[in-house]
1. Here's a check for you: in segment 1-44, which residue that is part of a strand (DSSP E or B) and among the β-branched types (V, I, T) is surrounded by the fewest Cβ atoms within 10 Å (Cβ to Cβ)?
2. Name the residues in segment 271-299 that are touching a helix residue (DSSP H, G or I) at 6+ places or on another chain (Cβ under 9 Å), away from the ligand (no atom under 13 Å from the Cβ) and of a type in the set (S, T, N, Q), would you?
3. Starting from segment 208-220, take each residue that is closer than 16 Å to A258 by Cβ and list its partners that are of a type in the set (V, I, T), counting only C-beta distances under 7 angstrom and pairs at least six apart or across chains.
4. Is it the case that segment 236-245 has a residue that's under 21 Å from D154 (Cβ atoms) and either surrounded by fewer than 23 Cβ atoms within 10 Å (Cβ to Cβ) or more than 10 Å from the ligand (Cβ to nearest atom) (or both)?
5. Can you tell me which residue in segment 74-87 is nearest to A99 (Cα to Cα), limited to those that are touching a helix residue (DSSP H, G or I) at 6+ places or on another chain (Cβ under 9 Å) and outside any loop (DSSP other than H, G, I, E, B)?
6. Go through the residues of segment 167-185 one by one and say whether even a single one is hydrophobic (A, V, I, L, M, F, W, C), in contact (Cβ under 8 Å) with a residue 60 or more places away in the chain and out of contact with any strand residue (DSSP E or B) (no Cβ under 7 Å at 6 or more places or on another chain).
7. Going residue by residue through segment 89-98, is there one that turns out to be in contact with a Lys or Arg (Cβ under 8 Å, 6 or more places away or on another chain), over 30 Å from E26 (Cα atoms) and either touching a residue at least 12 places away in the same chain (Cβ under 8 Å) or surrounded by fewer than 16 Cβ atoms within 10 Å (Cβ to Cβ) (or both)?
8. Among I149, I102, which is in the same structural domain as V15 (by TED's automatic domain parsing), of a type outside the set (G, A, S), touching a Pro at 6+ places or on another chain (Cβ under 9 Å) and over 13 Å from A83 (Cα atoms)?
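The values are calculated or read from the model by the stated rules, or taken from the named source; none is laboratory data. Quantities reported herein were computed from a predicted structural model and do not represent experimental measurements. Here the Cβ positions follow ideal geometry from the backbone for every residue, glycine too, while neighbour counts run over all protein chains shown.
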Amino acid sequence: MNKTTAAITAVGKYVPDYVLTNKELETMVDTNDEWITTRTGIKERRILKEKGEGTSFMAIKAAEDLIQKANIDPTEIDVVIVATATPDMPVASTAVYTATKIGAVNAFAYDLQAACSSFLYGMSIASSYIESGRYKKVLLIGADKMSSIIDYTDRATCIIFGDGAGAALFEPNEEGLGFQDEYLRSDGIGRDFLKIEAGGSILPPTEETIREGQHYVHQEGRTVFKFAVSNMADVSEKILERNNLTKDTVNWLVPHQANKRIIEATANRIGLDENKVMMNISRYGNTTSATLPLLLADYEKELKKGDNLIFAAFGGGFTWGSIYLKWAYNK
Ligand code: UT7
C-alpha cells in the first residue's frame, strides 16, 4: 500500500492596491532608489490602507481567491492555520475569524508565529496532519500587515517590508507527490537582533514604551544578513544531499524574500541557475509570512506535476529551515 503524502492542491493570493515605491520612500526618509535596489532588490511594496482592517482582511481575500479558483467547498475544510507575525489582536485568533468569514464552519483554526519562517513551519504541521490521516483538507495561509509594526522614520526597516497574503491547500496524495522532507531549525541567540521589544509580557505597553518606539520592529540588519546567508544555504544544501538531489534535478528554489542578495547566495551555494529561482521581491518587498505562498501563486502556471521544489526561509528568533516538496498538479 502506498504511503499517503501531503500535497499542495491549490493556491491563492491577495496584495493590497496601494503601491509604496522607492521614490515615495525617498520623500519619507534619507534613502534613495539606487541604494534600495542594489542592497535589497526591492522596487516597491504593497501597503494595506483600509481603515480598521488588519491581517485577517488579507488572509480572507487570499483564501477566497483559492476557494474560488479551485472550486472548493469551504465547509469541507478541516483546519485553518494563519501563519502571521502581525495578528489582528494579541488575543482572539486571526485564523478563527478568517475561518468563520470564509465559511469554513466545520474547521478548527489557530495562528502560528515563527516570524519569517511561519509559513515554512506551517507547511510541516499541515503536512503532518494530512499524513496522519486525521484530516483531509488543511488550509494554510501566510499573511502579514507589516506596515502596522514598522516605523516609517527608520530607514533601516521601512524600506524592506510590505503587506500581503497567500494561501495553500494541503490534501492527501496517493502518487507519492507533495511533502517529502524537512530540516527545520531555531536558535534563541537571534532574539536580540530582530524583535519588537514592547507590547508582550516582558514589557507591557506604557506611555514610555510608545515614546521610545519600542512597539516597532528593530533589526540589526548586518547581523541578521550574515546568519540568513549562511543558515539558509546550509539547510538547503543539507536537504539536497540527504534526498540525493542535484542542481539538475531541482526544478525550483522557493526562497523567503528578505533580500535579493540572500536569495542569490543560497542559489549559488546549491549551484542553481537563476531561471530556477522564484523571485518577486522587487514588487512586494519582504511580506514575512506571505512570501512563500505569494511565490507559489505567482509561479503557479509555470509549475509542472512532479517538479522538485526546495523551500527555504530564515527569520526572527532566529528561525529557519528547508522543505523538499514535489509539485502535484499542472495548471
Ligand atoms: O526576513 C527576516 C530576516 N531579515 C533579513 O533577512 C534582513 C537581513 N538584512 C538585510 O537585508 C540588510 O542587512 C539590510 C537591507 C537591512 C541592510 O543592508 P546592508 O548592506 O546590510 O547595509 P548596512 O546596514 O550594513 O548599512 C550600510 C550603509 C550604512 O552607512 P555607512 O555606515 O556605511 O556610512 C547605513 O547607514 O548604508 C546605510 N543605510 C542606508 N542608506 C540609504 C542603511 N539603510 C539605508 C537606507 N538608505 N535605507
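1. Filtering segment 1-44 for residues that are part of a strand (DSSP E or B) and among the β-branched types (V, I, T), the one surrounded by the fewest Cβ atoms within 10 Å (Cβ to Cβ) comes out as T21.
2. Scanning segment 271-299 gives N280, S282.
3. As it stands, the answer is V217/I149; V217/I150; V217/T157; V217/I196; Q219/T157, since those pairs meet every condition given.
4. no
5. My answer is V80.
6. Of the residues in segment 167-185, the ones hydrophobic (A, V, I, L, M, F, W, C) are 167-170, 177, 179, 184.
Pick out the ones that are also in contact (Cβ under 8 Å) with a residue 60 or more places away in the chain and you get 167-170, 177, 179, 184.
Subsequent filtering for residues that are out of contact with any strand residue (DSSP E or B) (no Cβ under 7 Å at 6 or more places or on another chain) retains none.
Within segment 167-185 (the criterion being hydrophobic (A, V, I, L, M, F, W, C), in contact (Cβ under 8 Å) with a residue 60 or more places away in the chain and out of contact with any strand residue (DSSP E or B) (no Cβ under 7 Å at 6 or more places or on another chain)), the answer is no, since none of the residues qualifies.
7. no
8. The unique qualifying residue is I102.
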